[in-house]
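**Q** Pasting a structure below so you can have a look.
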Amino acid sequence: MKKMFSLLLAATLLFSTASVSMAEGTPKKTILVVSFGTSYNDNRALTLDAIEEAIAKHYPEWEVRRAYTAQTIIDKLEQRDGLKIDNVIEAMDKLVADGVKELVIQPTHVMPGYEYEDVAKEVAPYADKFDQFALGKPLIYHNEDYDAVVEALAANIPELGQEDTAVVLMGHGSHHFANAIYAAMDYVLHAKGYENVFVGAVEGFPTIEQVIAHVKAFGAKKVVQYPFMIVAGDHANNDMAGDEEDSWTTLFTQAGFEVENRLVGLAQNEKIVSIIFEHLDATIKEAGL
């Protein structure tokens with residue numbers, strides 16, 4: 001497993017929408033990896049591309065394909081870089097056209113929010129076109145996933161437990177009720193003794209104002225920010241680490257804190273990726289594939 005993840009972290013291959021490993025002729029069992037996507041090429045290579053490459057190496061008897069859910073990102077990559085990535089409907093249509101009969105869809109989303117629900121709705125009409133068909137779970141779905149994520153964070157964030165430093169994790173946030181995972185993650189971190197870690201969301205609860213208030217109450221002088229997102233993309237680079245007047249860096253600085261940013265996506269943490277693999281393994285096992 002360590003060897004697999006060392007390959008993951010080193011992977012920089014940009015996948016095409018074609019097969020990663022498919023012999024000509026007979027269609028193979030297929031894993032469709034579905035991600036939100038990112039236009040930040042460097043971090044995509046370290047995260048989404050690396051996950052796909054690792055899955056292909058871990059399941060050599062399977063074909064691995066990709067799809068993104070963010071159409072704006074898909075359009076931008078094609079117009080800017082000439083990189084064509086399928087959306088979910090396009091990917092599913094190609095799978096049917098290619099005669100694939102055994103399919104597992106594995107999302108890389110953090111939570112079962114609107115994006116995950118949209119994937120489920122988009123793939124459901126195709127279920128009867130496959131002999132075996134299964135949809136996997138996002139990163140945080142089961143109660144035990146919180147414990148696993150905390151363990152993964154603890155192994156990769158050296159500032160945890162420092163009395164004069166607050167670690168702030170920026171999540172994307174959502175108006176979906178699954179947004180509660182951010183407050184739950186904050187609670188679990190504190191319950192496990194990591195009292196200097198605070199979780200907030202760009203588009204949800206806890207808000208940046210609430211996070212700043214909690215950091216002040218903790219008594220920290222310094223703030224180190226990490227994206228609580230699979231990829232350190234636009235939100236991490238701009239909303240968190242940018243110099244705009246409403247960026248989290250600006251707001252913390254104005255509140256009197258020294259601020260440092262770590263532009264590292266969750267998928268650069270091998271223990272985080274191992275949770276995605278555990279979910280994929282469970283889905284494959286439950287489907288009898």
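Rundown of residues vs (1) touching a Gly at 6+ places or on another chain (Cβ under 6 Å); (2) surrounded by fewer than 24 Cβ atoms within 10 Å (Cβ to Cβ); (3) among the aromatic types (Phe, Trp, Tyr), yes/no style:
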position	(1), (2), (3)
203	yes, yes, no
206	yes, yes, no
215	no, yes, no
220	no, yes, no
224	no, yes, no
227	no, no, no
238	no, yes, no
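**Q** Checking residue 84 against (1) touching a Phe, Trp or Tyr at 6+ places or on another chain (Cβ under 9 Å); (2) in a loop (DSSP other than H, G, I, E, B), which test does it fail?
**A** Of everything listed in (1) touching a Phe, Trp or Tyr at 6+ places or on another chain (Cβ under 9 Å); (2) in a loop (DSSP other than H, G, I, E, B), residue 84 misses just condition (1).
**Q** Give the residue, chosen from 110, 104, that is under 15 Å from residue 67 (Cβ atoms), assigned by TED's automatic domain parsing to the domain that holds residue 62 and either surrounded by 15 or more Cβ atoms within 10 Å (Cβ to Cβ) or not small (Gly, Ala, Ser) (or both).
**A** Only one candidate qualifies: 104.
**Q** Do you know which residues across segment 220-263 are farther than 25 Å from residue 44 by Cα, in contact (Cβ under 8 Å) with a residue 12 or more places away in the chain and in a loop (DSSP other than H, G, I, E, B)?
**A** Residues satisfying the conditions are 220, 221, 255, 257.
**Q** Can you tell me which residue in segment 63-100 is farthest from residue 39 (Cα to Cα), limited to those that are small (Gly, Ala, Ser) and surrounded by 15 or more Cβ atoms within 10 Å (Cβ to Cβ)?
**A** So, considering only residues that are small (Gly, Ala, Ser) and surrounded by 15 or more Cβ atoms within 10 Å (Cβ to Cβ), the one farthest from residue 39 (Cα to Cα) is 91.
**Q** Looking at residue 38 and the list (1) over 22 Å from residue 117 (Cα atoms); (2) in a loop (DSSP other than H, G, I, E, B); (3) among the β-branched types (Val, Ile, Thr), which single condition is not satisfied?
**A** (1)
**Q** Could you please let me know if residue 52 is buried (at least 20 other Cβ atoms within 10 Å of the Cβ) and under 24 Å from residue 268 (Cβ atoms)?
**A** Answer is yes for this residue.
**Q** Which residue out of 78, 63 is of a type in the set (Asp, Glu) and part of a helix (DSSP H, G or I)?
**A** After applying the criteria, what remains is 78.
**Q** If we only count strands (runs of 3 or more DSSP E) wholly inside segment 127-203, which ones have 2 or more residues that are in contact (Cβ under 8 Å) with a residue 24 or more places away in the chain and closer than 21 Å to residue 234 by Cβ?
**A** 165-171, 197-201
The values are calculated or read from the model by the stated rules, or taken from the named source; none is laboratory data. Note that the structure is a prediction, hence the values are computed from the model and not measured. Cβ sites come from the backbone with ideal geometry, for glycine too, and all protein chains shown count toward neighbours.
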